[in-house]
Every structure is written in C-alpha cells, then in structure tokens.
1. If each residue of separation counts as 0.36 nm, what is the full-extension length gain between residue 375 and residue 299 once their alpha-carbon separation is subtracted?
2. Just want the ordering: 186, 240, 210, from fewest to most Cβ atoms lying within 10 Å of their own Cβ.
3. Using a Förster radius of 41 Å, what is the FRET efficiency between residue 70 and residue 226 based on their Cβ-Cβ separation? Nearest 0.05, please.
4. Taking the highest mean first, how do the peptides 269-282, 44-57 order by number of other beta carbon atoms within 10 angstrom per residue?
5. Order the peptides 343-350, 153-160 from the highest to the lowest mean number of other Cβ atoms within 10 Å of their residues.
6. Give me the orientation-averaged projected area of the Cα convex hull of region 208-288, in nm², one decimal.
7. Sort 374, 304 so that the residue with the fewest other Cβ atoms within 10 Å of its own Cβ comes first and the one with the most comes last.
8. Compute the distance from the alpha-carbon center of region 231-256 to that of region 37-71, in whole Å.
C-alpha cells in the first residue's frame with residue numbers, strides 16, 4: 001500500500017510540476033507606489049536562456065535577458081531597477097501605451113458630432129493616451145501560467161472620460177514566452193460606448209545590451225514597406241503616402257540605422273531628429289500576423305523578427321533619450337542608445353481620411369498581437 005501511495009504522489013507531482021523543457025512564470029514583487037499599492041512582477045523564463053520580467057506598472061517589459069552568439073547573457077531592454085526610476089523618468093520605457101498610441105493632432109477628435117479633448121502632453125498634441133496614459137497606471141495581474149508557453153495576463157479598466165476618452169474600456173495585456181524564443185504580446189479591448197483605440201508596446205531595444213557603449217545605431221534594420229506617412233514639424237501626419245524609394249526611409253533591404261539617421265537633407269529627418277515615423281505595412285488590421293521588421297546586431301549576433309496584425313509600424317531611433325537618466329547597468333541613456341518598433345494603427349488616424357479605422361464600438365473587440373522572434377545562434381538548453 002505504501003508503494004502504491006508513493007507512486008500516486010509521484011504521479012501527482014509530475015502533473016503539477018512544469019516539464020523540464022517548458023517555460024515558467026514566477027510571480028514576485030517589484031516595489032510599491034507612493035500610495036502604498038504593491039507593484040507585482042512576473043518573470044517569464046524558458047530553457048534557452050531567455051527571460052522577460054514584466055511589471056504591473058504600465059504593464060511593462062522591465063528586462064529581457066538573452067544569450068549572444070558566444071553564449072553570454074545580457075539584458076537588451078532599457079528599463080529601471082526600481083519603481084523610483086519609473087516614477088521620476090517615465091519616458092514610456094518598456095510600457096504599454098494607450099488609449100491611443102502615438103499622436104493626436106491638438107488632442108482633439110470627433111465622434112457622432114461630438115468633439116472630445118485629450119491632454120496636450122507633447123507640445124501642441126496628445127501623445128500615447130495623454131498625461132496619465134496606460135503607461136502610468138497600475139494594472140492587475142489576472143492570470144499566470146507555466147509552459148509549454150508561459151504567460152501573464154494583466155488587466156486595466158479605464159473609466160468613461162479617462163483622459164477625455166469616451167466609454168469604459170476594459171483592456172487585457174498578455175505576455176507569452178515559448179521555448180522557441182518567441183515573445184508574444186497581445187492587447188485586447190472592449191468598450192461600452194463608441195470610442196477610439198490604438199494600443200501598442202513601447203519597449204526600447206539595444207541588442208548589444210542596455211547601457212552598452214555600442215548603442216543601437218549599428219543595428220541593421222529591414223522594414224518591408226513601400227511608403228511612409230510623412231509628418232509636419234509637430235510630427236502629425238500630413239495625410240500623404242510618400243514612397244520610400246530613393247530616400248533615407250528605404251529599409252526594404254537591410255541597412256544600418258546609423259548610415260542615414262543624421263541626414264538633414266530630408267526635412268522629415270529634421271522634424272523627427274532622426275527616425276520617428278510610421279511605415280505603411282498595410283492599410284487595415286488583419287486576422288493573421290505579417291512581418292513588420294527585422295533587426296540584427298552584428299556585434300553580438302542577437303536579432304529579432306517582429307510580426308503583427310497591424311497596418312503601421314512606428315520606428316523610433318531613440319532621438320529624445322537625452323542623457324538625463326541612467327538604467328539598470330548604471331549607464332546614462334543617450335540619443336541613439338536604443339530603438340523602438342511599435343506595431344499600430346497610423347498616428348492621428350481618427351482625424352485623417354484614408355487612414356485605417358480607429359473606432360471601437362460596443363460588442364466589438366480590438367486586438368493587436370505582436371510577436372518578437374528572438375535569435376542569437378547560441379546553443380540551446382542554457383539557463
């Protein structure tokens with residue numbers, strides 16, 4: 001009887017424990033907000049040496065550690081080591097941005113004949129949802145799961161009138177890591193009143209390692225887009241679709257960012273102080289994912305492909321990292337030290353004819369799903 005009982009216990013433990021080759025999700029605490037609320041964290045780890053730490057403040061990527069071609073680990077995501085850093089120097093570092101990612105001209109839009117006003121937190125425009133967007137609120141961890149794909153789901157309920165937006169919006173963010181080094185981020189949202197929505201992730205990447213002296217301007221980028229949406233001097237789209245052929249925006253073939261990032265012969269580069277533009281991958285949200293970009297670092301051998309179901313890709317070359325704060329490696333973050341790739345609907349889409357639909361109706365579900373397919377060429381099976 002003891003043998004049978006022991007076998008039964010072993011079988012139960014085998015079922016409860018994650019498989020040896022499965023990814024894991026470990027819940028923890030990152031810190032506290034000034035009002036005393038606890039900021040939860042969840043560390044997603046696979047068996048190939050990749051781990052992503054997700055914090056509930058801003059539903060943010062706080063770190064992403066992976067191997068290089070020599071098997072050496074580094075954290076490739078910019079971030080702060082504690083809550084104090086996020087509160088003092090937000091900069092959308094690693095965060096979920098919304099309700100409306102990117103810019104809205106003068107912060108105004110009209111629905112059903114009624115005009116709405118959102119905060120002007122980017123000179124004369126509204127940026128990434130306003131002064132207290134999704135990046136500056138505490139999300140609730142609602143689900144944590146182990147492999148074969150480990151995941152965490154966070155939720156935020158944005159009340160009617162939040163930052164001037166109509167409708168109570170319920171938003172779920174899921175980060176999922178598998179054993180193939182794929183990190184998938186999925187955003188879903190529903191509303192009880194017609195509103196607008198455009199949610200994305202604002203992770204800053206330096207594939208050489210955050211704080212590395214190499215910076216990110218040596219990264220080689222491919223973007224399969226034939227056109228961009230050019231902007232005015234306030235970075236609001238003009239409504240045009242401008243071909244990239246023969247311009248500094250042509251990344252249809254691999255090109256190092258630093259080759260042309262300071263080219264002042266194109267006024268677009270002057271307006272953005274480098275790349276801070278929307279590449280046209282398609283003209284509507286699709287049901288399946290498609291390639292948005294490829295990024296590789298010749299120094300470390302690290303790379304990723306970014307896939308999404310979104311029509312636009314905002315590529316930002318870290319032009320406004322101004323050396324006023326440092327990150328986890330105790331190194332100052334400067335201009336060009338990292339890049340951001342944001343799959344999304346086009347900027348100011350609600351005010352632009354011919355841009356993808358940005359409205360969300362009751363009964364509909366908004367969905368932005370993006371997958372980072374990381375690679376390093378290093379041997380698998382290392383923790």
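1. Values: separation 76, 0.36 × 76 = 27.36 nm, distance 1.36 nm.
My answer for the length gained is 26.0 nm.
2. Working: 186 17, 240 11, 210 24.
So the ranking, lowest neighbour count to highest, is 240, 186, 210.
3. Numbers: r = 37 Å, r/R0 = 0.91.
FRET efficiency, residue 70 to residue 226: 0.65.
4. On the way: 269-282: 20.8, 44-57: 24.2.
Output ranking for 269-282, 44-57: 44-57, 269-282.
5. Numbers: 343-350: 25.8, 153-160: 17.6.
Per-residue Cβ counts within 10 Å, averaged per peptide and sorted highest first, yield 343-350, 153-160.
6. The directionally averaged projection comes out at 6.8 nm².
7. On the way: 374 22, 304 25.
By the 10 Å Cβ count, ascending, the order reads 374, 304.
8. 33
Each value in this text was obtained by applying a stated rule to the coordinates, not by laboratory testing. None of the values given here were measured: they were computed from a predicted structure. Cβ: placed from backbone, ideal geometry, glycine included. Neighbour counts: every protein chain shown.
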